[in-house]
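The values are calculated or read from the model by the stated rules, or taken from the named source; none is laboratory data. Treat the numbers as computed from the prediction; the structure is a model and nothing was measured. FYI the Cβ positions are ideal-geometry reconstructions off the backbone, even for glycines, and counts take in every protein chain you see.
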Amino acid sequence: MEANSRWVALTAVAPVAWGANYYVTRAYLPPDSPLYGAALRALPAGLALLALRRRRPRGVWWWRSAVLGVVNVSVFFALVYAASQLLPTSVASTVMAASPLTMMFLAWPLVAERPRAAHLAGAAIGLGGVCLMLLTGAVAASIAGMLASAAAVLVSSFGHLLTKRWSGGTDMIATTAWQLVAGGLFLLPFAAAVEGAPPALSPAALLAFGFVSLVATALAFTAWFTGLRHLPAGTVGLIGLLNPVTGVLCGVLIAGEELTVRQLCGLALVLTGVVLGRPARTRASAPGGPCAPAAGQVSSCASRSISSPSSQTPVRWLRQ
């Protein structure tokens, strides 16, 4: 259970960084260059991680890195930007808060993880808390923006679970690095064709891009994908509810926004949902390690290897 707590704490780094990213992006980054913004967010992050793991893909990981980069980086970043432009932040954040339920239901066919009742209850309570915090009902919602936000939920849930399915036994820093590089390179020609020359960046914008790229992308994505490897998808999805919580707290502590009683109640509900989704307490590990089978049982790691050929991929998938 102590090990699970460490993985939960590591995974929580990602939604906290993404929640802070809302404020940094809105306050300091150019609003009219979404494609360049996404590319400048992805490429430096990928190159920084490659500096830590100087390895290149091998075999099937050439096309897997490209697929995951397009889904998790290129398409997702573009959809999130479109939703943030077409919808009030409160509405866009609330739609994205549906991702825990989406991830749970997609995890069943993709990675053979059936959602637990506690996960479903936590997701419902957490979604209710986000709605209580953010929805005001005072503004009309764009249909196009709602569709973009809903598509972002589906794309990110599918891409993250595909990463979980494929990345067993691989170096997580290296896999994340190549996803970011592939996604950033894919965006560049579209950015040049649609937006023309890259935007001029002030010193403040350069510092903001440093945070967005290194903290909210390189560090956050590595933590998130590592959590997906070691925790149930339902638990990881619920930890993602810390994203809108962090956004609200940044608004109060940094931007001087008012924290209402309704928002405090919503925060309490969200945190309750996250606690409900914590990993179930397991038996102590056998001497053979955390995957050693109990008497008369098949090892859970062995069953995963049989059911998912991709999990047999060894760490040497990357060539030095």
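Here's a check for you: in segment 3-26, which residue that is closer than 22 Å to VAL130 by Cβ and surrounded by fewer than 17 Cβ atoms within 10 Å (Cβ to Cβ) is nearest to the chain's Cα centre (by Cα)? Break it down stepwise before answering.
The initial filter retains those residues of segment 3-26 that are closer than 22 Å to VAL130 by Cβ, namely 8-9, 11-26.
Retained after the next criterion (residues that are surrounded by fewer than 17 Cβ atoms within 10 Å (Cβ to Cβ)): 9, 26.
Details: ALA9: 14, ARG26: 19 Å.
Of everything passing the filter in segment 3-26, ALA9 is nearest to the chain's Cα centre (by Cα).
Which count do you get for residues in segment 159-172 that are part of a helix (DSSP H, G or I) and either surrounded by fewer than 18 Cβ atoms within 10 Å (Cβ to Cβ) or touching a Phe, Trp or Tyr at 6+ places or on another chain (Cβ under 6 Å) (or both)? Outline the logic, then answer.
Pass one, segment 159-172, residues part of a helix (DSSP H, G or I): 159-166, 172.
Restricting the remaining residues to those that are either surrounded by fewer than 18 Cβ atoms within 10 Å (Cβ to Cβ) or touching a Phe, Trp or Tyr at 6+ places or on another chain (Cβ under 6 Å) (or both) gives 163, 165, 172.
The total comes to 3.
Specify which of the listed residues (ALA20, ALA27) is of a type outside the set (Asp, Glu), touching a residue at least 24 places away in the same chain (Cβ under 8 Å), over 26 Å from THR170 (Cα atoms) and touching a Cys at 6+ places or on another chain (Cβ under 7 Å). Outline the logic, then answer.
Numbers: ALA27 fails: touching a Cys at 6+ places or on another chain (Cβ under 7 Å).
The unique qualifying residue is ALA20.
So which residues in segment 248-263 are touching a residue at least 60 places away in the same chain (Cβ under 8 Å) and surrounded by fewer than 23 Cβ atoms within 10 Å (Cβ to Cβ)? Outline the logic, then answer.
Within segment 248-263, the first condition is being touching a residue at least 60 places away in the same chain (Cβ under 8 Å), and the residues that meet it are 248-251, 254-255, 262-263.
Once the filter is applied, which keeps residues that are touching a residue at least 60 places away in the same chain (Cβ under 8 Å) and surrounded by fewer than 23 Cβ atoms within 10 Å (Cβ to Cβ), segment 248-263 yields LEU249, CYS250, GLY251, ILE254, ALA255, ARG262, GLN263.
Which of the following residues is among the aliphatic types (A, V, I, L, M), over 25 Å from PRO31 (Cα atoms) and at pLDDT below 75: MET133, MET96, MET104?
MET133
In this structure, does VAL73 turn out to be assigned to a helix (DSSP H, G or I), touching a Gly at 6+ places or on another chain (Cβ under 8 Å) and modelled with pLDDT of 85 or more?
Details: assigned to a helix (DSSP H, G or I): yes; touching a Gly at 6+ places or on another chain (Cβ under 8 Å): yes; modelled with pLDDT of 85 or more: yes.
Spelling it out, VAL73 is indeed assigned to a helix (DSSP H, G or I), touching a Gly at 6+ places or on another chain (Cβ under 8 Å) and modelled with pLDDT of 85 or more.
Out of LEU228, LEU180, report the one residue that is of a type in the set (A, V, I, L, M, F, W, C), touching a residue at least 12 places away in the same chain (Cβ under 8 Å) and either closer than 30 Å to THR272 by Cβ or surrounded by fewer than 20 Cβ atoms within 10 Å (Cβ to Cβ) (or both). Walk me through it before giving the result.
Numbers: LEU180 fails: either closer than 30 Å to THR272 by Cβ or surrounded by fewer than 20 Cβ atoms within 10 Å (Cβ to Cβ) (or both).
Result of the check over LEU228, LEU180: LEU228.
Given the structure, is LEU68 surrounded by fewer than 23 Cβ atoms within 10 Å (Cβ to Cβ), in contact (Cβ under 8 Å) with a residue 40 or more places away in the chain and out of contact with any strand residue (DSSP E or B) (no Cβ under 6 Å at 6 or more places or on another chain)? Walk me through how you get there before you give the answer.
Values: surrounded by fewer than 23 Cβ atoms within 10 Å (Cβ to Cβ): no; in contact (Cβ under 8 Å) with a residue 40 or more places away in the chain: yes; out of contact with any strand residue (DSSP E or B) (no Cβ under 6 Å at 6 or more places or on another chain): yes.
Here the answer is no, as LEU68 does not meet what is asked.
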